[in-house]
2 protein chains.
Amino acid sequence: MSETEFSAAPPLPDTGLDEDDRLKPEFVRAVLDLVEAGDEAGAREKVEPLHPADIADLIEIVPAEQRRALASAIAELIDGDVFAEMNDWVRDELIDALTATQVADLTADLDTDDAVAIIEDMDEDEQRAVLRALDPDDRAAIEEALSYPEESAGRLMQRELIAVPEHWSVGDVLDYLRADDQLTTDFWEIFVVDPAHHPIGTCNLSWILRTPRSVAIADVMKREQTLIPVDMDQEEVALRFQKYALISAAVIDGSGRLVGMITVDDIVHIIQEEAGEDALLLSGAGDGDINEPVRDTYYARVRWLIANLFTALVAATIITQFQDTLAQMIVLAALMPIVAGVGGNAGTQTLAVTVRALATNQLTPANTLWAVRRELAIAILNGATVAIVIGIAVGLFFANPLLGVVIGSAMLGNIVIAGLAGVLVPLTLERCNADPAISSSIFVTMVTDSMGFLVFLGLATVSGLVG
Amino acid sequence: MSETEFSAAPPLPDTGLDEDDRLKPEFVRAVLDLVEAGDEAGAREKVEPLHPADIADLIEIVPAEQRRALASAIAELIDGDVFAEMNDWVRDELIDALTATQVADLTADLDTDDAVAIIEDMDEDEQRAVLRALDPDDRAAIEEALSYPEESAGRLMQRELIAVPEHWSVGDVLDYLRADDQLTTDFWEIFVVDPAHHPIGTCNLSWILRTPRSVAIADVMKREQTLIPVDMDQEEVALRFQKYALISAAVIDGSGRLVGMITVDDIVHIIQEEAGEDALLLSGAGDGDINEPVRDTYYARVRWLIANLFTALVAATIITQFQDTLAQMIVLAALMPIVAGVGGNAGTQTLAVTVRALATNQLTPANTLWAVRRELAIAILNGATVAIVIGIAVGLFFANPLLGVVIGSAMLGNIVIAGLAGVLVPLTLERCNADPAISSSIFVTMVTDSMGFLVFLGLATVSGLVG
């Protein structure tokens with residue numbers, strides 16, 4: 001083993017990845033050139049050293065029109081693991097091109113959770129065809145998983161796990177694990193169950209390895225467990241894994257029996273998705289997946305833009321009420337978007353923080369009042385600062401102190417309104433069991449736009465600035 | 001073991017948690033009442049059954065002014081694990097109240113990574129005092145960790161790990177693990193190293209458990225490893241863990257020697273933070289932590305609002321160029337925010353999607369051109385749809401077809417500009433090695449505001465609508 005093999009260079013050298021583990025454009029280009037030239041063996045040879053996750057990335061990253069040709073060239077490298085790593089949209093596209101038997105072959109080697117992820121998005125007819133092509137054990141496992149709601153623990157769990165009775169010794173466990181070839185290979189904890197298959201304790205493998213054979217497993221296991229009800233939503237499962245730093249957890253059915261296991265590697269991408277979707281939902285970008293078909297993206301985004309169009313019309317209606325004021329002092333028309341825009345920004349800030357704190361369970365009914373008071377305090381500080389800056393600037397520039405006072409007061413008022421809307425709108429939606437990330441920003445923008453124009457033009461009218 | 005103990009009810013019943021694992025307000029109230037009444041023993045008794053993560057939550061969730069009293073009442077329950085789970089801001093506040101020796105005692109039982117997390121945020125003087133109070137081994141480990149850059153793998157890793165030589169058998173490994181009391185207790189993989197301590201393979205504990213004692217460890221281990229350079233940024237580490245579904249990974253120094261181990265439970269909160277911060281950064285809300293002191297939050301947000309104030313002034317300057325046009329047709333002043341606002345929304349959508357795709361390595365240099373073309377296509381579709389709706393509505397409402405054509409054309413133009421800005425601005429920032437989430441939205445908003453006003457008022461002027 002030579003020294004140079006373990007230099008500080010990133011792992012997997014020469015496999016077409018850049019320093020951020022992304023496929024290099026040159027590598028992608030080279031593979032596509034081979035495919036286009038009809039040299040499928042050459043393409044396979046280049047792709048073969050890649051990790052399944054990178055093969056999945058390669059298929060995602062190529063332009064849609066060349067994807068089918070690439071997939072057919074490297075078909076024998078696209079196994080269940082590659083499919084399990086693939087973006088949903090791209091996977092659906094490829095799977096549509098396969099027969100039910102081919103899909104069944106792909107899923108046969110996978111753990112239940114990965115197989116379910118591939119099958120659950122298919123049409124019902126196709127699903128039935130694939131299930132018929134599976135062997136009876138796999139079929140039963142997948143049918144059971146599909147019987148649980150989408151995005152529930154039952155869909156995420158794998159049925160492959162190690163459960164042992166509490167009267168066993170560490171030696172019994174070791175002998176059992178070594179003797180039975182049918183057991184799952186990758187696991188991190190074993191579960192200790194009573195005769196009715198209720199979990200009564202969990203045991204890290206490292207504890208077993210560090211304990212003499214004669215010790216009872218019941219003396220090694222930890223009795224405090226974090227159990228996951230089979231119908232729990234995956235977002236709650238992810239929060240629980242994160243909060244208690246779990247590696248794996250037992251899933252129990254309605255009567256408390258152990259029915260499956262969820263491992264952290266299946267949770268990591270959910271944590272990532274759930275945490276990352278806030279920015280997308282707040283902007284109305286829907287799933288926001290760049291592999292989503294253009295038509296779906298268009299529908300998702302245009303609905304939001306039309307909704308925003310109506311809120312903008314509300315604001316426009318308010319402006320029309322002040323046509324006389326505007327006609328007398330046309331510069332107000334140039335200044336009014338400042339009040340609305342900066343207010344909108346202040347509202348968006350508060351909204352982003354509130355939605356995040358709700359999603360991570362940092363903001364709970366126990367500290368809601370405190371959080372609202374905190375946002376109000378920040379809004380007053382921000383509002384006062386921005387009001388002074390814009391008030392002085394406008395007052396001096398137009399040599400009109402009253403105009404400075406009017407725009408400063410309007411700015412302070414709108415930023416305070418924005419801060420309150422930014423925290424109260426998502427809290428109200430959460431109370432109504434709606435996802436605060438989804439529609440909060442429509443309401444908040446409507447409030448900050450309308451109030452910005454109303455307060456500014458209203459103050460301009462009543463202050464004696466015009467007329 | 002009675003049946004009822006394992007009903008479908010959530011785990012940890014009666015410990016003050018609601019169905020989402022959040023502390024119930026009644027529970028928090030009850031604890032605070034006991035503290036206020038001076039019944040510290042009663043408070044401790046209520047808090048003791050909680051998991052360290054829940055004790056940390058409790059301390060976070062109480063109003064700041066009662067936090068010190070609560071912490072002092074339940075001081076003996078606040079061990080290193082509780083501190084490790086605590087929000088940074090709240091932790092700093094409590095640690096300020098402790099002596100260096102108390103902090104050293106707290107960190108002594110923790111793995112390096114958790115100890116470092118507690119110590120790294122302290123002032124240098126305090127850090128030195130705590131380090132002096134630690135025993136020499138712990139001090140050396142922590143000093144070494146602190147020598148690596150903040151947010152690097154070197155800070156995240158723990159030095160406690162199991163490394164064995166490749167000539168050992170499975171039996172040798174088992175005997176070693178059982179014999180040495182000083183070894184770490186919680187680990188998920190062991191690393192096989194050559195005589196120079198370079199990692200040459202990794203072995204899941206489950207593989208060891210399933211293999212007879214006589215087999216060589218080199219025949220059980222997996223040679224393909226994902227190694228983490230010690231100076232890698234934590235965000236890259238998180239992406240690598242996620243991409244390759246890692247449970248733990250070896251950390252190597254510049255000469256390829258094994259220096260530590262990172263486990264997935266330390267990565268999960270980074271994945272969550274990094275994924276969730278996009279929404280906060282895009283809105284200019286800084287860290288967006290509700291436990292951040294009001295003054296810090298104020299500074300972070302007001303800087304952004306002032307920056308936005310200047311971009312709004314740019315837009316206002318454009319409007320002032322069209323004072324004559326506006327004076328002749330005051331209704332244009334009411335309509336112009338619609339063009340700017342809906343354009344801003346379209347830009348934000350594209351921006352959120354692009355920033356997300358960049359952060360997850362879905363958008364790479366290999367598919368950039370394709371992604372820009374895709375956003376352009378969606379922008380044209382969205383722009384055309386919204387343009388038709390607003391064009392017809394305005395044309396009919398004001399019985400002025402030319403006004404309808406002007407606002408429709410301006411809307412189409414601004415949404416296309418917004419789509420291009422939403423994808424090109426973050427891509428450009430990424431190329432310049434700047435974080436695209438941090439300042440993109442300032443630029444995009446400036447473009448959509450200014451262009452919205454310019455295109456709409458410009459078209460109104462040149463189309464012969466006025467004058």
**Asked** Okay, helix-only estimate at 222 nm for chain A: each DSSP H run of n ≥ 4 adds -39500 (n - 2.57), divide by all residues, round to 500 deg cm²/dmol; what do you get?
**Response** -20500 deg cm²/dmol
**Request:** State whether region A:297-390 is rounded, prolate or oblate according to the following rule on the C-alpha gyration tensor (a ≥ b ≥ c being the square roots of its eigenvalues): a/c under 1.5 gives rounded; otherwise a/b larger than b/c gives prolate, and the remaining case gives oblate.
**Result:** oblate
**Prompt:** Between residue B:176 and residue B:140, what length in nm is gained on full extension when 0.36 nm per residue of separation is reduced by their alpha carbon distance?
**Reply:** 10.5 nm
**Request:** Report the semi-axes of the equivalent ellipsoid for region B:293-462 in whole Å, largest first, where each axis is √(5λ) for an eigenvalue λ of the Cα gyration tensor.
**Result:** 31, 22, 12
**Message:** Once each part is reduced to its C-alpha centroid, what is the distance from region B:286-339 to region A:397-439 in angstrom?
**Reply:** 13 Å
**Request:** Keeping all protein chains in place, calculate the accessible area per residue for the protein assembly as shown (probe 1.4 angstrom), answer in Å².
**Result:** 39 Å²
**Request:** About the Cα centre of chain B, how large is the charge dipole given +1 on each Lys and Arg Cβ and -1 on each Asp and Glu Cβ? Please answer in debye to the nearest 20.
**Result:** 3460 debye
**Backbone HN-Hα couplings from phi across region A:193-209 [Karplus 6.51/-1.76/1.60, Hz, Gly and Pro as x]** = 10, 8, x, 8, 6, 8, x, 10, x, 10, 9, 4, 4, 5, 5, 5, 5
**Fill in**
Taking Cα pairs closer than 8 Å and at least 6 residues apart, the relative contact order of region A:163-279 in percent is 23 percent
**Message:** Let's test the formula: R0 of 22 Å, r as the Cβ-Cβ distance of residue A:431 and residue B:64. What FRET efficiency results, to the nearest 0.05?
**Reply:** 0.35
**Request:** First compute the accessible area of region A:293-462 with a 1.4 Å probe, then give the percent of it belonging to carbon and sulfur atoms.
**Result:** 70 percent
**Request:** Sequence neighbours fewer than 8 away in the same chain don't count; with that in mind, list the lysines whose C-alpha is under 21 Å from residue A:46.
**Result:** A:24, B:243
**Asked** Chains A and B: how much accessible area gets covered up at their contact, both sides added, probe 1.4 Å, in Å² to the nearest hundred?
**Response** 13100 Å²
**Item:** Given charges at beta-carbon only (K, R positive; D, E negative), |dipole| of region B:293-462 in Debye
**Value:** 260 debye
**Message:** Please identify the DSSP H helices in chain A that span no less than 30 Å along the helix axis (Cα) and have a mean Kyte-Doolittle hydropathy of 0.5 or more.
**Reply:** A:294-320, A:331-359, A:368-397, A:401-431, A:436-462
**Item:** Tail beyond 17 Å, pair distance distribution of region A:163-279 (Cα, percent)
**Value:** 58 percent
**Request:** Would you work out if region B:256-356 is rounded, prolate or oblate? Take a ≥ b ≥ c from the square roots of the eigenvalues of the alpha-carbon gyration tensor; rounded if a/c is under 1.5, else prolate when a/b is larger than b/c, oblate otherwise.
**Result:** prolate
**Area of residue B:417 that stays accessible when all protein chains are in place (1.4 Å probe, Å², to 10)** = 50 Å²
**Asked** Can you give the accessible area of residue A:244 in Å² (nearest 10), computed on protein heavy atoms with a 1.4 Å probe?
**Response** 20 Å²
**Shielding by partners - mean other protein chain Cβ count within 10 Å, residues of B:222-231** = 3
**Prompt:** residue A:183 to residue B:108: FRET efficiency via 1/(1 + (r/R0)^6), r the Cβ-Cβ distance, R0 41 Å, to the nearest 0.05?
**Reply:** 0.55
**Request:** Give me a single rounded figure for A:439-452: the average over its residues of other chain Cβ atoms within 10 Å of their Cβ.
**Result:** 1
**Item:** 20 Å-binned pair-distance histogram of the protein assembly as shown (Cα, whole percent)
**Value:** 13, 41, 34, 11, 1
**Request:** Note down the nm distance, to one decimal, between modelled labels 7 Å out along Cα→Cβ at residue B:233 and at residue A:233.
**Result:** 3.3 nm
**Asked** So between residue A:72 and residue A:125, what do we pick up on full extension, going 0.36 nm a residue minus the alpha carbon distance?
**Response** 16.7 nm
**Message:** Explain nothing, just the number: dipole magnitude of the protein assembly as shown about its Cα centre with +1 on each Lys and Arg Cβ and -1 on each Asp and Glu Cβ, in debye rounded to the nearest 20.
**Reply:** 4780 debye
**Request:** Just check region B:3-156 against the gyration tensor rule for me: Cα atoms, a ≥ b ≥ c as the square roots of the eigenvalues, rounded for a/c under 1.5, and otherwise prolate or oblate depending on whether a/b exceeds b/c.
**Result:** prolate
**Prompt:** Considering only B:140, A:429, A:396, whose Cα is most displaced toward the positive end of the charge dipole of the protein assembly as shown, charges sitting on Cβ of Lys, Arg (+1) and Asp, Glu (-1)?
**Reply:** A:396
**Asked** Using only Cα atoms, what is the ratio of the radius of gyration of chain B to 2.2 N^0.38 Å?
**Response** 1.30
**Item:** Distance from region A:86-108 to region A:123-183 (C-alpha centre basis), Å
**Value:** 21 Å
**Prompt:** Where Rh is the Kirkwood radius over the Cα pairs of region A:84-181, the temperature 25 °C and the viscosity 0.890 mPa s, what D in µm²/s does Stokes-Einstein return?
**Reply:** 164 µm²/s
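The values are calculated or read from the model by the stated rules, or taken from the named source; none is laboratory data. This one's a predicted model, so the numbers in the text were calculated from it and none came from an experiment. Neighbour counts are summed over all protein chains in view; Cβ atoms, including those assigned to glycine, are modelled from backbone coordinates with ideal geometry. All accessible areas refer to the heavy atoms of the entire protein, side chains included, with ligands and DNA or RNA removed. Shrake-Rupley method; radii C 1.70, N 1.55, O 1.52, S 1.80 Å.
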